[in-house]
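The values are calculated or read from the model by the stated rules, or taken from the named source; none is laboratory data. It should be emphasised that the depicted structure is a prediction, and the values quoted were computed from it without experimental measurement. So basically every Cβ, Gly included, is an ideal-geometry build from the backbone, and we count neighbours across all protein chains shown. When the accessible area is computed, the model is the full protein with side chains, heavy atoms only, and any ligands, DNA or RNA have been set aside. Shrake-Rupley method; radii C 1.70, N 1.55, O 1.52, S 1.80 Å.
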Amino acid sequence: MKLEKYEWTVSGMDCASCASKITKAVERLPGVGTVNISIMSEKLKVDLDNDAGNPEAIESTIKKLGYGVTRQKQVNSNLVENAEAHGEDHDHDEHSDSARHTHDKPEDRGKNWYQTAKGQLVIGTGLLLAIAWVVELSAGAELGKWGFVAACLIGLIPVARRAFAALATGQFFTIEMLMTIAATGALFIDAAEEAALVVFLFAVGELLEGVAANKARDGIRALAQLVPKTALLEIDGTTKEVPVAALKVGEIVLVRPGDRVPADGEIISGFGGLDESPVTGESIPVAKEPGDEVFAGSINTDAALRITVTKTAQDNTISRIIQLVEEAESARAPTERFIDRFSRWYMPAIVIASALVIVIPPLVFGEAWDTWIYRGLALLLIGCPCALVISVPASIASALSSGAKKGLLFKGGAVIEAAAKTDKIAFDKTGTLTYGRPAVTDIVRLGDHTNDVILEIAAGVETGSSHPLATAILQKAEAENISLPQSSGAKALMGKGVEAIVNGIPAWVTSPKYALSNKVISDEVMEIAASHERQGKTVVVVYRKNEPLGLIAMRDEPRKDAPDAIAQIKELGITPIILTGDNERTAAAIAGGLGMEFRAGMLPEDKLEHIRTLNLTGSVMMIGDGINDAPALKQAAVGVAMGSGTDVALETADAAILRDRVTDIPAMIRMSRATMANIRQNVAIALGLKAVFLVTTVLGMTGLWIAILADTGATVLVTINALRLLGYNPSKNDAN
């Protein structure tokens, strides 16, 4: 059996129950293997055996359920082809069958609500309802009743069609079926006015669900639009405009001032500032020069840049973000899974309860049938679990979208829920809490020469070296605007330092021990060097023959926001700890400055074992950026990769920080906790309203239209509450 991968855009999926209906219906079809569906991106992906089934059957089934469907691409090996390119017409025009459905069609995207299929159904049923009321008032109740019957039936037809389409796939307990039964039953007990009002309110509820779902998708859609559609490709010294999707790794593109970078790449010529806020959320343009990496979607604010493409369109940073958010939907939170299981039993239970309410009072107590049929039907509508089912995924979708726009990537609801429970955070040191590269911290003069002279001689000796300490000295000299002197004859002293001829005079940059052994420095100077080394710094001596010039101390310094981040983490009641492979002296210096515990000299397996131990007494989040952090990231309850980290760390981790800000770690915790609080509020709203109206309905205090209003109202309230997360700012210290 050979499975081929197919992908469709399915419009009108506004909640988890929509996705569930489609999944169950498609899974029953012959030849269908794995089915993956994403509400956020409106994508359906299916592994299909073409010998046993066909894609047209899948499309037909989806349309019968009332959803718009357009085949996007068929994947065979590495070939991706648009179905239209083969002349296939798999209902791209949404012909007669799907045009009768009320779910939004692909062509509805970007339109105002009143221009969509759902909007037009609301307007149509509303007008019919208004006309029926006018007829009733002007021509009498009897004639008006038939107006309400007409309004009810016209609005109910598309709902009933979807109900029976779902029934044909073995799904009886759907909201469409409950609506069909309740509205039809109301007509039979002469409650046509309420039946018409119920159908209208149901249409309004569906419209509001669609508006809310599209609002949650806007953030991801906006991300996809950040990357330009075309690029200026350099070919033999000239530029040619080409589609971004056609760019290949190794090609060179020209990015003019004001243009967006078309692909992830590396600058090969040009200096300028890049506004990376669309990708990282960082509001200040970042200075870039040859050798620096750039992200697709960044805005070139200064001079023209020539960039070598390092990743194709489907692999760039924006695409990876979108893919991570889409994949995150499959990693459902435990709370969501529980509610999903609960709703499977809840809905049949409500149907049984409604049936008992209808038959027991008349049969046992001799009550009027029409009264208790009416109350049973109202109970059926109130019992609809829509608000409860959507309570969790609506909050999760909003949190995923909001987080992505702020540079906080969660790989699913399960990650958000786990992050909210975090009580310990383990940090890798190098590249996570620190910049991952040494920087000059101190210059100590040993004679009459100024700091600038010491730096000039040291930079001259280190010219051309790629050693991290040499790079730190050269960068410090550049920052101080010190011109590099003439140098030659550079020679490495293995494990001891470097010597060279600087301005015609031999000069050295070596370790203090080597300088002491050559009697260049005294024991007193050696003690000064040792005092800096006790602070976790690396010290070198700069000297000429028998003339010590000075000491230069260097250290991989904490990121500027690290102290604030650790303080915020402690305020959240979380214990931070450093796990590093560095030596104890360096680890103690960094940890002491940040007020943290630490474990030093740890190999990857040591980190893994320590995380396992910490997990026994709570929920641990691990923050790392390197390949050696990958095992620990996987072992932790939540593994978070810094955005500048390796691909291995990013793929292994459960979440990612794109802006390389340590303060985004407490922001991620706040986002998670706010999301879980939002979910608890939603569940309380959904169950609370139902509990109240279940009682009032059985007691005869509320009727059919109140029942559907309560159900629709709960769904709308839950959705609006979830959408609050789109505007939530987790970076504020006073965020709730």
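Computed on protein heavy atoms with a 1.4 Å probe, the accessible areas place Ser619, Ser731, Ser672 in the order Ser731, Ser619, Ser672, largest first.
Within the range 510-628, DSSP assigns beta bridges of which about 75% are antiparallel (rounded to the nearest 5). Each of the peptides 248-255, 176-183, 17-24, 542-549 was scored by the mean count of other Cβ atoms within 10 Å over its residues; in descending order, highest first, they stand as 176-183, 17-24, 542-549, 248-255.
Averaged per residue, the range 467-548 has 57 square angstrom of accessible surface, using a 1.4 angstrom probe with ligands and nucleic acids left out. Highest average first, the peptides 394-401, 233-240, 510-517, 678-685 ordered by how many other beta carbon atoms sit within 10 Å of their residues are 394-401, 678-685, 510-517, 233-240. Accessible area per residue was computed with a 1.4 Å probe on protein heavy atoms; Asp654 scores about 40 Å². Our estimate of slack between Lys491 and Asp51, defined as 0.36 nm per intervening residue step minus the Cα-Cα distance, is 151.4 nm. Legend: residues Glu27, Glu194, sorted from most to least accessible area (1.4 Å probe; ligands, DNA and RNA excluded), read Glu27, Glu194. A simple packing score, the average count of other Cβ atoms within 10 Å per residue, orders the peptides 552-560, 437-445 as 552-560, 437-445, with the highest score first.
What shape does the range 452-567 have by the C-alpha gyration tensor, where a ≥ b ≥ c are the square roots of the eigenvalues, rounded means a/c under 1.5, and otherwise prolate means a/b greater than b/c and oblate the rest? Taking the square roots of the gyration eigenvalues as a ≥ b ≥ c, the range 452-567 is oblate.
The value for the range 115-168 of Rg(Cα) / (2.2 N^0.38 Å) is 1.34. Take the Cα of Leu3, go 7 Å toward its beta carbon, and the backbone nitrogen atoms of the range 35-56 under 20 Å from that spot belong to 35-39, 43-56. Of interest is the spacing of the C-alpha centroids, which for the range 109-159 and the range 362-434 amounts to 32 Å.
Can you tell me how the range 506-654 classifies by the Cα gyration tensor, rounded, prolate or oblate, using a/c under 1.5 as the rounded cut? Prolate.
The H on the amide N of Ile578, modeled in the peptide plane, is under 5 Å from the matching H of Phe427, Glu597, Phe598, Arg599, each at least 5 residues off or on a different chain. Taking the accessible area of the range 558-697, probe 1.4 Å, and keeping the other protein chains in place, the carbon and sulfur fraction comes to 58%. Short-range pairs are left out: with C-alpha atoms under 8 Å and at least six residues apart, the relative contact order of the range 143-276 is 17 percent. Annotation note: chymotrypsin sites (Phe, Trp or Tyr not before Pro) in the range 109-217 located in DSSP loop regions with a Cβ neighbour count of at most 14 within 10 Å are Phe172. Net charge around Leu614, counting only other residues with Cβ within less than 13 Å of its Cβ (Lys, Arg = +1; Asp, Glu = -1)? Residues near Leu614 contribute 0 overall.
Annotation for the range 535-595 versus the range 444-498: alpha-carbon center distance of 22 Å. Expressed as a whole percentage, what fraction of the accessible surface of the range 422-523 belongs to carbon and sulfur atoms when a 1.4 Å probe is rolled over the protein heavy atoms? Of the solvent-accessible surface of the range 422-523, carbon and sulfur hold 50 percent.
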